[in-house]
Amino acid sequence: MDTTPGQLSSWTAAGWSVGLAGLGALTGFVWDGPFLAFACALSLGGGAALGAVLFRRRMAETIREGQGKAAARGYADGIGDMVVLGISAYEASVFPLAGPGAVDPAERAARREAAYRLTAAEGLPHHVREAAAAALEAIDEARDDEARTSLVDLMKAVHEQR
């Protein structure tokens, strides 16, 4: 059995229409006989079916709007996480600049370019973009303590957008 929201809505609407038609038939029959039973069943059942069709269109529109908003928000969440990851990878390649844990300049440049491209992505909220720019600036100027603080602020900004 198909249990999608649209199918369940159709089954529910059909159930209400049939139930109201039966109630109308019973009421009409008790009041005046078979002719009024048919008229009441037709009017109540038809009205319920028409209401269900009109409501279903409105519900489908609302669902489509909600899906669009959810997709945009999901994209912003995902790109925010990628910005944190990219800037963290760039920070790891910058500090330390020399010694056994250092990354070669070509890889450092590649990570820097990736971090800047992610920060410039469309759909990234403005406050996240500002926090990312502050973190990139601190990393570029080799201010280790400020870079770590800026990265924590970036993570908070990404978390707050959810």
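The values are calculated or read from the model by the stated rules, or taken from the named source; none is laboratory data. Computed from a prediction, not measured in an experiment: that's the story for all the values here. All Cβ positions, glycine included, derive from the backbone under ideal geometry; neighbour counts span all protein chains shown. Protein only, heavy atoms only, side chains kept; ligands, DNA and RNA dropped before computing areas. Shrake-Rupley method; radii C 1.70, N 1.55, O 1.52, S 1.80 Å.
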Item to check | Complete set of residues in segment 109-126 that are loosely packed, with under 14 Cβ neighbours inside 10 Å and part of a helix (DSSP H, G or I) | outcome: 109, 113, 117, 126
Checklist entry - Which residue pairs have Cβ atoms under 9 Å apart, sit 6 or more places apart or on different chains, and have a first residue in segment 5-23 that is open to solvent by less than 40 Å² (accessible area, probe 1.4 Å) and a second that is assigned to a helix (DSSP H, G or I) and basic (Lys, Arg)? => result 6/56; 9/56; 13/56
Item to check | Any hit, segment 79-90, residues being loosely packed, with under 15 Cβ neighbours inside 10 Å, free of Cβ contacts under 8 Å to residues at least 60 places away in the same chain and not aliphatic (A, V, I, L, M) | outcome: no
Checklist outcome for this item: All conditions in (1) surrounded by fewer than 14 Cβ atoms within 10 Å (Cβ to Cβ); (2) modelled with pLDDT of 90 or more are true of residue 41 except (1)
Checklist entry - Out of (1) closer than 29 Å to residue 70 by Cβ; (2) in a helix (DSSP H, G or I), what's the single condition that is false for residue 150? => result (1)
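If you go through segment 66-83 one residue at a time, do you hit one that is charged (D, E, K, R), within 30 Å of residue 162 (Cα to Cα), part of a helix (DSSP H, G or I) and modelled with pLDDT of 85 or more?
Step one: filter segment 66-83 for residues charged (D, E, K, R), giving 69, 73, 77, 81.
Filter once more, so that each one left must be within 30 Å of residue 162 (Cα to Cα): 69, 73, 77, 81.
Then keep just the ones that are part of a helix (DSSP H, G or I); that gives 69, 73, 77, 81.
Now narrow it down to the ones that are modelled with pLDDT of 85 or more: 81.
Looking through segment 66-83, at least one residue is charged (D, E, K, R), within 30 Å of residue 162 (Cα to Cα), part of a helix (DSSP H, G or I) and modelled with pLDDT of 85 or more.
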Checklist entry - From the list 72, 21, 52, which residue is within 24 Å of the chain's Cα centre (by Cα) and at negative phi? => result 72
Checklist outcome for this item: Contact list, first residue from segment 30-41 and more than 14 Å from residue 20 (Cβ to Cβ), second anywhere and among the polar types (S, T, N, Q) and open to solvent by less than 100 Å² (accessible area, probe 1.4 Å), beta-carbon distance below 9 Å, six or more apart or interchain, is 36/27
